[in-house]
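Undergrad: The following block contains the structure, expressed as structure tokens.
The values are calculated or read from the model by the stated rules, or taken from the named source; none is laboratory data. Just so it is clear, the structure is predicted and the values come from calculations on it, not from any experiment. Virtual Cβ from ideal backbone geometry, glycine too; neighbours counted across all protein chains shown.
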């Protein structure tokens, strides 16, 4: 029995999020959680969910809980803010205990699984940069298999001690990185393979990480969705799924 379409009432009012239902009034068999990057808001990822228009999939775009200081606008996922004294840029990896608890416990376990009736396998995460780091940590810490994680330019936070993970996560992940100037280094990929059983890495011919900007960059992500999203279309009413 698929879960029901989530509503904002299923989550605390303190969490800023938007919910995009599946296209063409289809049943919401899957849920895709969208996590924006450092300094952004969830509005851009609300639009992303609408553009993806994935069949039988509701999209939930969550806004990071912490506003940037100095009236910079935008929000961040980190437990702290650290600026590089040489470049003045903000460090992406400042620990994600609070954000991981928000996404894993409040959104996934309490909201989607307990209130809306979804199974973990029916829930996927798409994250960009710092948002992807949160998504990867959620999957690494979850004791079970989520539908999958799409990480665009995101790595597993160094604040996650691999020794604390009893076993590798069975949640499959796909990591998209730039060929040059990517935050996803060879060492970061090795660390991901230490934490996850199924790791797919796609390298884009560009300089610097960024959101997919053409069909070739988007294709492996859509293929990943096609493999992992579940469907009830064409399945007779009353059928029982064998797992």
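Undergrad: Quick one: in region 81-126, which of the residues that are in a loop (DSSP other than H, G, I, E, B) and at pLDDT 80 or above is nearest to residue 144 (Cα to Cα)?
TA: Taking region 81-126 as the starting set, the residues that turn out to be in a loop (DSSP other than H, G, I, E, B) are 81-82, 84-89, 91-96, 116-119.
This time we only want the ones that are at pLDDT 80 or above, so: 94-96, 116-119.
Numbers: 94: 26, 95: 22, 96: 20, 116: 18, 117: 16, 118: 14, 119: 10 Å.
Selected residue: 119.
Undergrad: Could you say whether any residue in region 224-235 is surrounded by 15 or more Cβ atoms within 10 Å (Cβ to Cβ), in a loop (DSSP other than H, G, I, E, B), touching a helix residue (DSSP H, G or I) at 6+ places or on another chain (Cβ under 6 Å) and modelled with pLDDT of 95 or more?
TA: no
Undergrad: Quick one: residue 158 ticks every box in (1) modelled with pLDDT under 95; (2) under 19 Å from the mean Cα position of the chain (by Cα); (3) at positive phi bar one, so which box is it?
TA: (3)
Undergrad: Limited to region 161-192, what total is found for residues that are over 11 Å from residue 140 (Cα atoms), within 19 Å of the chain's Cα centre (by Cα) and not in a strand (DSSP E or B)? Step through it out loud before you land on a result.
TA: Keep residues of region 161-192 that are over 11 Å from residue 140 (Cα atoms), which gives 163, 174-191.
Keeping just the survivors that are within 19 Å of the chain's Cα centre (by Cα) gives 174-178, 182-184, 188-189, 191.
Still in the running and not in a strand (DSSP E or B): 182-184, 188-189, 191.
Number satisfying all stated conditions: 6.
Undergrad: Also, quick follow-up: Any residue at all in region 31-45 that is more than 24 Å from residue 160 (Cβ to Cβ), assigned to a helix (DSSP H, G or I) and at pLDDT 95 or above?
TA: Yes, because at least one residue in region 31-45 is more than 24 Å from residue 160 (Cβ to Cβ), assigned to a helix (DSSP H, G or I) and at pLDDT 95 or above.
Undergrad: Quick check on residue 5: is it part of a loop (DSSP other than H, G, I, E, B) and within 22 Å of residue 154 (Cα to Cα)?
TA: Values: part of a loop (DSSP other than H, G, I, E, B): yes; within 22 Å of residue 154 (Cα to Cα): no.
In short, no.
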